[in-house]
Amino acid sequence: MEGKLGLMQKRAIERFIGTGTKEFNLLYSFTRDGATATTFHQKCDNRGPTVTVIYNTKGSVYGGYIEKSWASDTSETYYKDDRAFLFRLMSDDKVALNKFPVKNPDKAFCCNATYGPIFGSGHDLNVFNGSLTAEGTQYTLNGDTNMGSAYDMGGLSTDQVTDSIKTVRDVEVYSLSESSLAGVWRESPGWDFKDLEDLKHFAAAFAPPYGLDIDTANILILGPVGAGKSSFFNTVASVFRGHICDQAVCGSAEKSVTSKYRMYRVRSSQIEKPLKFCMCDTMGLEESQGIDIQELTYVLDGNVPDGYQFNPTTPFSNDAHGFIKSPTLGQKIHCVCFVFDGNTATILSEKMLEKIKSMQAKVRQKGLPQAIVLTKIDNVCSYVEEDVRNVYQSETIKQLVDKVSNIFGVPRSFILPLKNYEKEIDVRTDVSVLAMHTLKRLLLSTENHLFNFLDQLDKTKKQKSVDSLD
Ligand SMILES: Nc1nc2c(ncn2[C@@H]2O[C@H](COP(=O)(O)OP(=O)(O)O)[C@@H](O)[C@H]2O)c(=O)[nH]1
Ligand SMILES: [Mg+2]
């Protein structure tokens, strides 16, 4: 078990500490280890810097950081820690980031073998003592917390931070250690302008195998709303256009912003012919709405016309306007690219996961190749945020790729981390190289799939000539 602290929350804590990226190691949690002070001390004493996180039942998350170690003193003993602070991450299920610095460092934290973590002389944050019994899925804390005596709360009261309640879903303690870039875990492309030109050339020269008589290879982009599907197309288009494009509508709206089925083609300019692949953007996946398995089947089979306006209340069916009755190979999908937000890919709801797995099964059943693109990796790892070229050396991204590969049963070589153009106002070589690297993998998968048809065609031709000899 890895704990409840999300990647964004870890990043916030790293920023509060202010000394770069950290590895978070879950030492102790109520739900995993039981709510007893002795267990807390067994697991957390002498472990160096730690962060204690409280998740209350109103959806607020707060806690404290100490740079020094916890200890099992036999009576209440204060410790000095200049770098300690309290913090808030969430309030009532909404992000609410506050750092509350220590103002009396001599009494930054307090150790006592029969108590859990205690911060400040107030006590500013006194989590619990003795043992607590689980009440269903929650616990009631028994420490008295009065914030503001050793920590500067910036005007916030204890009640505002704790919602005046003591019921919690969990309390966790993480140790923090310095994080570093791992060795290269995936062979990386060069990141120079010349490398970008080579990758662009590969995509520009790509064409469906000669002999199949099809114009474009069709890659379906599929994933939850807000994962970055439309942004992926825009990023690829931006690379070829040489400036940021927003041809596909993006946004952070809760429901599917894209509800039209669009087979987007990439053009480098008005006068040149478009590239020979389509990126097919659909309505997003939603737990109980969005594209469903039957509609997906129609899309894969090429029954859905370009520009079709999906209607959430009336699913696409064979009497829908524009239904393509006898699609050619060129109208079908040749590769499926699932797109997930790298921050949430490993914590999707059961329902969403179930839906995605059934779609994966359908894609496999149709014999189509599939890959997974993980977006927003700039939010997942600060090394990547600093410099996209760190992607194939980032331990965090490596672990994310491993986990996603396990969850979805897709080989690691088909899990592709990506940073889309999002806040940039101009194209950059590094972001473009990564996008082209991702596109190249997709095009190669597509090509392999189409080669199968070429083999079939050869077989049929041979059979025909054998037949004519008979
Ligand atoms: N930081 C960051 N934001 C991204 C990235 N990709 C997409 N976004 C943002 O995520 C939001 C949703 O993206 P969109 O492409 O509309 O998602 P869709 O619903 O899957 O089509 C937009 O606000 C994008 O700017 C990325 O790689 N990094
Ligand atoms: Mg979209």
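The values are calculated or read from the model by the stated rules, or taken from the named source; none is laboratory data. What you see is a predicted model, and the numbers here were worked out from it, not measured in a lab. Here the Cβ positions follow ideal geometry from the backbone for every residue, glycine too, while neighbour counts run over all protein chains shown. Calculation scope for accessible area: heavy atoms of the full protein, side chains included, ligands and nucleic acids excluded. Shrake-Rupley method; radii C 1.70, N 1.55, O 1.52, S 1.80 Å.
Overview of values
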quantity	calculated
Unmet requirement for S231, which otherwise passes all of (1) open to solvent by less than 10 Å² (accessible area, probe 1.4 Å); (2) within 16 Å of ligand 1 (Cβ to nearest atom); (3) not acidic (D, E)	(1)
Selection from the stretch 145-203 of residues that are touching a Pro at 6+ places or on another chain (Cβ under 7 Å), in a helix (DSSP H, G or I) and buried (at least 19 other Cβ atoms within 10 Å of the Cβ)	L199
Members of the stretch 226-243 found to be small (G, A, S) and more than 9 Å from ligand 2 (Cβ to nearest atom), listed by number	A237, S238, G242
Every pair of residues 6+ apart whose Cβ atoms lie under 9 Å, when the first sits in the stretch 312-326 and is under 16 Å from L285 (Cα atoms) while the second is loosely packed, with under 13 Cβ neighbours inside 10 Å	P315/Q294; F316/Q294
Qualifying positions in the stretch 120-144 - in contact (Cβ under 8 Å) with a residue 60 or more places away in the chain and outside any loop (DSSP other than H, G, I, E, B)	L125, N129, S131, Q138, Y139
Hey, R267 open to solvent by 40 Å² or more (accessible area, probe 1.4 Å), more than 16 Å from ligand 1 (Cβ to nearest atom) and not β-branched (V, I, T) or not	yes
Selection count, the stretch 211-225, where residues are away from ligand 2 (no atom under 16 Å from the Cβ) and out of contact with any Asp or Glu (no Cβ under 8 Å at 6 or more places or on another chain)	7
Qualifying helices (runs of 4 or more DSSP H) (wholly inside the stretch 343-406; at least 2 residues being free of Cβ contacts under 8 Å to residues at least 24 places away in the same chain)	350-365, 382-386
Search result, residues across the stretch 319-330 that are in a loop (DSSP other than H, G, I, E, B) and within 30 Å of G211 (Cα to Cα)	G322, F323, I324, K325, S326, P327, T328
Hits in the stretch 17-63 - residues which are open to solvent by 30 Å² or more (accessible area, probe 1.4 Å), of a type outside the set (V, I, T) and touching a residue at least 24 places away in the same chain (Cβ under 8 Å)	G20, E23, F24, N25, R32, K43, N46, R47, P49, K58
Conditions (1) in a loop (DSSP other than H, G, I, E, B); (2) closer than 27 Å to S288 by Cα; (3) more than 11 Å from ligand 1 (Cβ to nearest atom): number failed by A248	(3)
Test: Y421 is assigned by TED's automatic domain parsing to the domain that holds G226, at pLDDT below 95, farther than 26 Å from G211 by Cβ and buried (at least 16 other Cβ atoms within 10 Å of the Cβ)	no
Top-ranked residue in the stretch 144-180 [being over 32 Å from the mean Cα position of the chain (by Cα) and acidic (D, E); ranked as farthest from N390 (Cα to Cα)]	D144
Residue selected from the stretch 295-350 under the condition among the aliphatic types (A, V, I, L, M) and more than 26 Å from T216 (Cβ to Cβ), by the criterion surrounded by the fewest Cβ atoms within 10 Å (Cβ to Cβ)	I347
Unmet requirement for F451, which otherwise passes all of (1) more than 14 Å from the chain's Cα centre (by Cα); (2) open to solvent by less than 20 Å² (accessible area, probe 1.4 Å)	(2)
